[in-house]
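Beneath this line is the structure, given in structure tokens, with notes to follow.
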Amino acid sequence: MNDPVPQDFTYSFPAIRGVQAGREYYVTMCPMEYIPRLFSFPEADLPPELRAQRVINKGRIPAMTRYILDNLKTYVFSSLTASIDGKVVFTPLGEDPVGRKLGTLSVPMNAMILINDGQHRRAAIERALEDNPRLKYESISVVFFVDSGLARSQQMFADLNRYAIRPTKSLGILYDHRDPMARLAHDLSQEVPVFREMTEKAKSTISNRSRKLFTLSSIYQASKRLLHKRDGEPVKDEEKKLVVRFWTEVARHIPDWQDAVDRKVSPCELRRDYVHAHGVALQALAIAGSALIATHRKNWAIKLATLRKVDWSRSNARVWEGRALIGGRLNKAENNVTLTANVLKSLLGLPLSPSEMNLESLYAKAGRSRKDV
């Protein structure tokens, strides 16, 4: 049987000492190579009440690992937060006010160190180290708390996640300089005249009082559909020109959009009364537009004039109920987007794909069922 590691065998880290809620904590820079061996995961077979963390979601790890490896010059990971179940020693550099806060943190090698926040970052670092060992020369900041039991660690996990809120999709797109489609969406909001003053870039929903008509996230998703782009796929200059022209031409044939720009009608009224003032319409226009461009490469812009025949009124329940509307309310579920696009494709004289035809059959059956009730 192996003897336990003596207490005087320690890991030593340069650290800054601080105080929160009357308790000391320590901030240190930990070399990447030590991250996998320092931090342990909670046992997956333990009941939740005996763990201090959620069970790791392994499906998140590959994408996070690729993020590191694909962005070795620019990746950013926030601090890990961990609890130490063991007696730590902090040796200050001096006795002056600054010296008492700076020093060396010694952690027993046999101490249990559990991550309170950042377990997926830890797993991604371990995986990335396997593919690129040179990452071991880099570091990540770690905030260490001295553990005072399972209840304290569980409370820390709850507190650290209590006010964590993901940024809106629109804001994430606005600030994303790596994703080519995010950059394209931002450029479209500047270059397509109807989008220029009417795009909400910080929120993914539009309030009733807002003067905006589109969200950046809707423009992003619709343009991605138009080009059939996968995540991270580059956008060519000619593709960007095509998308700018497409949305500019579409706007010419939906006069209400220009009326909103000219303040002849409020965006609030359009959202209340028309399907075309919602994201489901942008997605549907992109699906129909993609098929139109593929079928009529030379004269697709001319054929878009047919859009002027569309009665976009929400009161036109005969067309939109069960498609863009469910019980009179807008619905942007995938099937509803496709059914809305089917109307536009049929109007433009475009054939439906087998999956679209199947969805139409289901829609027709559901319509007959509603009549029988």
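Listed values, structure above:
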| quantity | calculated |
| --- | --- |
| Residues (at pLDDT 85 or above and over 20 Å from VAL142 (Cα atoms)) located in the stretch 33-66 | LYS58, GLY59, ARG60, PRO62, ALA63, ARG66 |
| Number of the exception - ARG166 against (1) without any contact (Cβ under 8 Å) to a residue 60 or more places away in the chain; (2) more than 30 Å from LEU38 (Cα to Cα); (3) not in a helix (DSSP H, G or I) | (2) |
| Check on SER83, touching a Phe, Trp or Tyr at 6+ places or on another chain (Cβ under 8 Å), assigned by TED's automatic domain parsing to the domain that holds PRO36 and touching a residue at least 12 places away in the same chain (Cβ under 8 Å) | yes |
| Unmet requirement for PRO180, which otherwise passes all of (1) out of contact with any Pro (no Cβ under 6 Å at 6 or more places or on another chain); (2) under 18 Å from GLU239 (Cβ atoms) | (1) |
| Filter result for VAL243 (β-branched (Val, Ile, Thr), within 22 Å of LEU174 (Cα to Cα) and either at pLDDT below 95 or crowded, with 18+ Cβ neighbours inside 10 Å (or both)) | yes |
| Residue within the stretch 227-236 that is in contact with a Leu (Cβ under 7 Å, 6 or more places away or on another chain), modelled with pLDDT under 95 and closer than 23 Å to VAL76 by Cβ present | no |
| Residue match in the stretch 111-124 (condition: loosely packed, with under 13 Cβ neighbours inside 10 Å and without any contact (Cβ under 8 Å) to a residue 40 or more places away in the chain) | no |
| GLY172 being among the small types (Gly, Ala, Ser) and either more than 27 Å from ALA333 (Cα to Cα) or surrounded by fewer than 15 Cβ atoms within 10 Å (Cβ to Cβ) (or both) | no |
| All positions within the stretch 201-218 that are in a helix (DSSP H, G or I) and touching a His at 6+ places or on another chain (Cβ under 9 Å) | LEU216, SER218 |
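Quick grid of which residues meet (1) modelled with pLDDT under 95; (2) of a type in the set (Phe, Trp, Tyr); (3) over 22 Å from ALA164 (Cα atoms); (4) surrounded by 13 or more Cβ atoms within 10 Å (Cβ to Cβ):
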site	(1), (2), (3), (4)
PHE77	yes, yes, no, yes
LYS87	yes, no, yes, no
PRO97	yes, no, yes, no
ASP131	no, no, yes, no
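Conditions (1) under 24 Å from THR306 (Cβ atoms); (2) of a type in the set (Asp, Glu), marked per residue:
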| position | (1), (2) |
| --- | --- |
| GLU197 | no, yes |
| LYS203 | no, no |
| ARG211 | no, no |
| SER218 | yes, no |
| GLU233 | no, yes |
| LYS236 | no, no |
| LEU242 | yes, no |
| VAL261 | yes, no |
| GLY279 | yes, no |
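The values are calculated or read from the model by the stated rules, or taken from the named source; none is laboratory data. For clarity, every value in this text was computed on a predicted model and none was experimentally measured. Using ideal geometry, Cβ is built from the backbone for each residue, glycine included, and neighbour counts are taken over all protein chains shown.
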